[in-house]
Structures are given as structure tokens and as C-alpha cells.
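The values are calculated or read from the model by the stated rules, or taken from the named source; none is laboratory data. Owing to the predicted nature of the structure, the values given are computational and were not obtained by experimental measurement. Glycine gets a Cβ as well: all are built from the backbone with ideal geometry, and neighbour counts include every protein chain shown. The area values use the complete protein model at the heavy-atom level, side chains included, leaving out ligands, DNA and RNA. Shrake-Rupley method; radii C 1.70, N 1.55, O 1.52, S 1.80 Å.
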Amino acid sequence: MLHELLKIFRTGNPLKQMADEFSIMLRLTCDMTATAGQIYFREPVPPEERTRIYKRDVRVNKLERSIRKRVVAHLSVASNNAHLPYCLLLMGLVKDVERIGDYAKNLSEVSDIYAGELPTSDIMDELQSIREGVEESFREAAEVFLNSDRERAMPLILTGKDLSHRANGLLLRIAQSDSSAGVTTAQVLGVRYYKRIGGHVLNVLSSVVMPLHKVDYYDEDEISPH
């Protein structure tokens, strides 16, 4: 399905414009996620970076609306009806990427809820590892998507599923810890936002290997190495 979508994208306007805008959305939200992670983990970040996250989120939302408008206009022409399945796929993926922008913004706001230092601990080490996995998968996902690279997508999906399971396990460890309410809240939110960002990246990756009606689902038969 994705391979056919990309072939259509390369045929010219207005579908080429949709592809270009979607690529920009992927790049913007990937950058937003990385910057939000720096802010969340209390790494040195210029104050203006927080503002840039909000500005990028506004741009992502505008790109989402632009793509939706182009899809509707494209499908209003009867001769383009054959593109309906591919446009439905794009509409779903655009929403996934828009949600990543929202979660990246939320992640950057955790320090407003708890401004103190996050403790050095096994819990934070695991959260840092999950962060690194999500960010790396996201960086690769954009290229994998645009190249419709099924071979690279499959191990990334398996990694993403593992990161989700680890996030669930980390929440249990946080619940059993004796950290303060502020630290616990910041940790729980961090795990939640990274899990949701990773989940939406998984949805983008799933479009590379799954048929339209199974996008967002990861059948073992489809993603397991043969």
C-alpha cells in the first residue's frame, strides 16, 4: 500500500505537494521530540528552544490542515477516485504525526509541573534508555517511510514494541518507588509521553509493512523475520 502511495506522490502536483508537506511534518516533529527530551531531562537548552517547540507545533498543525484540504480537493475530481485508499492512509498518518507534535510539546511542559531536579536512579536510567530508543527509531522512520523500506521497517517495529513493553514495566516500578509526589508525577508523565510518541512512530512504520486495513496493528506474521 505505501509503495503504491509513494509512486502516486511522485507523479506531480498536487499529490507531490502533499508528500513534501508530510515530509516536513516528520522532520519538524522529530526535532520537537529531541528538543523536548533535552528540556525534560534538564539538559542545558537555550530558553528560546521552548518557544521554538510551540512555533513548530503551530506549523505542524497548519501542515495537517493543508494536507487535509488537498486530499479533499483531490478526491472531489471523479477521475481521482482510484486514489481513495491511498488518501485514507495519508489522512491517518498525518494525524499520527500531528499527535507526536502534541506529545512533544507536553513533554517539554513537565518541568512546569515539577521544576526540581530528577534524581539519579535506575528508573531514570531506564527512562533515558527508552528516550534514546524512541528518538533513534523516529530519526530512522522518516527515511524508512519515504523509501518504503520494508526490510528496515520490520526491526524498527519490533524495537518499538519492546520499548512499549519496557515503558509499561517502568510504570510499575515507579508506582512501587518511594519517590516524592513531584518526582513520581514527572516520571509517570515522561514515560507516558515517550510511550505515546513511540506508538505513533510505530503507526507510521506499520504503513510500510501492513495493508491499509491493518495499519496500526502489528501482526507477528508480517513483521517477524523469515
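Among L88, M154, V71, whose Cα lies farthest out toward the positive end of the dipole of the stretch 40-155, if unit charges sit on the beta carbon of Lys, Arg (+1) and Asp, Glu (-1)? About the Cα centre, the residue reaching furthest to the positive side is V71.
Derived scalar couplings between HN and Hα for the stretch 64-71 equal 4, 5, 5, 5, 4, 5, 5, 4 Hz in order, rounded to whole Hz, by the Karplus curve 6.51 cos²θ - 1.76 cosθ + 1.60 (θ = phi - 60°), x for Gly and Pro.
Count Lys and Arg as plus one, Asp and Glu as minus one, and take only other residues whose Cβ is under 9 Å from that of E126; the net charge is then 0. Across the accessible surface of the stretch 94-163, with the other protein chains kept in place and a 1.4 Å probe, carbon and sulfur atoms take up 45 percent. Longer than 20 Å from Cα to Cα, which of K62/K105; K16/K105; K55/K105; K55/K161; K69/K105 are they? Say none if no pair is. Pairs exceeding 20 Å: K16/K105; K55/K161; K69/K105. The helix-based estimate of mean residue ellipticity at 222 nm for the chain, built from -39,500 (n - 2.57) per DSSP H run of four or more residues and divided by its residue count, is -26500 deg cm²/dmol to the nearest 500.
The packing ranking, built from the mean of other Cβ atoms within 10 Å per residue, places the peptides 199-206, 155-162, 29-36 in the order 199-206, 29-36, 155-162, highest first. Scalar couplings 3J(HN,Hα) for the stretch 86-91, obtained by applying the Karplus form with A = 6.51, B = -1.76, C = 1.60 to θ = phi - 60°, are 6, 5, 4, 4, 4, 4 Hz; x denotes Gly and Pro. The separation of the stretch 173-191 from the stretch 78-113, counted between C-alpha centres, amounts to 29 Å. Calculated accessible area for the chain comes out at 48 Å² per residue, all protein chains present (probe 1.4 Å; ligands, DNA, RNA ignored).
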